[in-house]
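Note sheet for the following structure.
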Amino acid sequence: MRVHALSLAVIATFAAAGPAQTAPLQSDRVPHSLRSGAHDNPSGAPLLVFEQLVSVSGAPWLRLADLRAELPGSSYLEVVALRDGHRQRLDAGALRAWRESSAYFNGDAVYVRLFAGPWTAGVSLVATAVEAGVADPEGEDSICGASDDRTASTDARVARVVPIGCTAWLIDDTNCLVSAGHCCGGGGFSTAQFNVPPSTAGGSLQHPPPQDQYPVDSASRRFANAGQGNDWCVFKTLPNSGTGQEAGQRQGAFFALTAGLPGVGTTTRITGFGTSAIGRLNQAQSTHTGPLQTAGTRLCYAVDTTGGNSGSPVIDALGRAAGVHTHGGCSVFGGCNSGTSRTLSAFATAIDDCLAGGGGGGGCAFVAAAAAARAPADSRSLGYRFRDEVMQPTPRGREYVGLYYRTSPEIVDLLRQDPLLLARAGLLLSRLLPVMRERLDFGVAALPVRDLRELDALLALLAGRGSDALHTSLSWLRADLRAPESLASLGLDVGR
C-alpha cells in the first residue's frame, strides 16, 4: 500500500512539473528558383511585369520564404492561392513587416505576380525557397482524466501563433496581445492568425486568409521564461498589410482582465490551439472547462490541454482573463495543468505599459503627436472614427491608411529623437483635430491651406531624415496631397 502511494506521489510530482506546450508547425524547406529579372514601367498606370506558378505537390500549405524584391514607388507583389483564392499584396513596407516572407496559404500551389508602379524602374523579385507543410505529429498531451473533452470553439479574441505553434489573445481593441514566455523568445514566434478554419480530416493545418494574419512586432516583446508561475509574454502585432487594420479593430473583441485572483473551485476555461487526435480539431481552436485547484502567481486547474495550448487565456467564470496557460501536468492519475496569474507584478506592469501605448516597436504616430499636443482624451477615438468612417470607405483613403501603418513606427522613432519636431507635429495635430470633427459631423470640412503647407513641410523633414523606403513613401504622399481631387475624395476642401 505504501509502495502504491509512493508511486502515485512520484507520478504527481512529475505531472506538476509538466512540459511547456508548444506544437511547432511541421514543414520542409524546399529549394525553389524564382527570378523575375529587372523591369521598368514608363507608363502612368501599374503594369504586370512577371508571373509564375509555385507548387510543391501534395503539400497541405505553402509559404514563400527568402523573398528579395526591389519595389520602388507603388510597385507590389501579389500571391494568390489556387485552392481557395486567398490573396496577399506586398509592397516594400509590407514585405519588410513580413520579414521577407509571405503569409501562409492553403494548398500546394500559389500564383505569384509582380506589378511595377507608374514611372518606376528596376522592379524585380527573387525567391529561393518555399516552406511546405507536412503532416503534423501528435503533440504532448495533458488530458485531465481518461478522455479528451475539448470541443470546437470560435472565440474571436484568440489567435494561433505560427510557426512556433502557440496561442495568443487580445487585451485591447488595437494590437496588444498576451502569450507564454517560452513561446515568444525565438524567431518562430512570427505570425498571429485569427479566424483559423478547421484542419483537414487528416489533421493537416489550414490557414485563414492573409487579411486575418498579422506579423508580430518583434521589438515590442516583453517576456519571462522562468518556469511555472513566471512564464508570460506581452507583445504587439503590426497592422495587416492588406486591410491596414489592427488585429483588435478587425476582430472587434478583446479580453477584460480580472482585478485579482479567481476563487479556488470556480469554473475555469482554457481556449486555444492544442493538438488533437480528432483531425479537424488538430491545432484548430478548441475549448474546455474545469475547476481551479490552486490560485497564486501560479494557477493550477483540471482543464484539458495539449501541445499548442501554451499561451492560451485562463478564463474565469465571468469570461475575464485571469492569466496565461503555460504548462501541462494532468494525466489519467490526476494532477493539474498550470499557468501564470496576471497578478504577477512584472507581468501586470508589462500589460499596463502595452495598454498605455508603450512596449516598443515604434508605436503610433498619431498617439505620439497627440501626447505632444496635450490633446483631449477623446482624440485617439476621434482618430479611429476618422480612419473608419472617412478614410476606409474610399480607395484613396485606404491607400493612405495602409501607408500610415507601414511608416508609423519609423516616424515615431524620428519624432522621439527630436523634441522640437515632435512639438511641431503636436501643434499641427491640434489644428487638424477640429477639421476632423467637422468632417465627421457634417460630411465635409474646410482644410486651411496653411495647415496643408505645414503638413507638407513636416513630411519633407521626415522624408529627409528617414530610410530610403520612408523617403519614397512620403515623397509619393506629398505629391498626391497636392492634387485637389485627393482631398476632395475625402470630403476635405482646401480653403484659405
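Here are some notes:
- Some residue of segment 197-214 being within 17 Å of the chain's Cα centre (by Cα), at negative phi and at pLDDT below 95: no
- Some residue of segment 141-159 being surrounded by fewer than 17 Cβ atoms within 10 Å (Cβ to Cβ), part of a strand (DSSP E or B) and not hydrophobic (A, V, I, L, M, F, W, C): yes
- You will find that of V314, V332, V367, the residue that is at pLDDT 85 or above and of a type in the set (A, V, I, L, M, F, W, C) is V314 and no other.
- Identification of strands (runs of 3 or more DSSP E) wholly contained in segment 180-280 with 3 or more residues that are surrounded by 17 or more Cβ atoms within 10 Å (Cβ to Cβ) and among the β-branched types (V, I, T) yields 267-272.
- For the criterion of being basic (K, R), more than 14 Å from S124 (Cβ to Cβ) and surrounded by fewer than 20 Cβ atoms within 10 Å (Cβ to Cβ), R63 fails.
- Residue count for segment 139-194 under the criterion of being closer than 24 Å to N240 by Cβ, in contact with a helix residue (DSSP H, G or I) (Cβ under 9 Å, 6 or more places away or on another chain) and among the polar types (S, T, N, Q): the result is 4.
- Scope segment 44-64; condition farther than 13 Å from V110 by Cα and either in contact with a His (Cβ under 9 Å, 6 or more places away or on another chain) or modelled with pLDDT of 95 or more (or both); matching residues: L47, L48, V49, F50
The values are calculated or read from the model by the stated rules, or taken from the named source; none is laboratory data. Being a predicted model, the structure only gives us computed values, none of them experimental. Cβ coordinates were reconstructed from backbone atoms using ideal geometry, including for glycine residues, and neighbour counts include every protein chain displayed.
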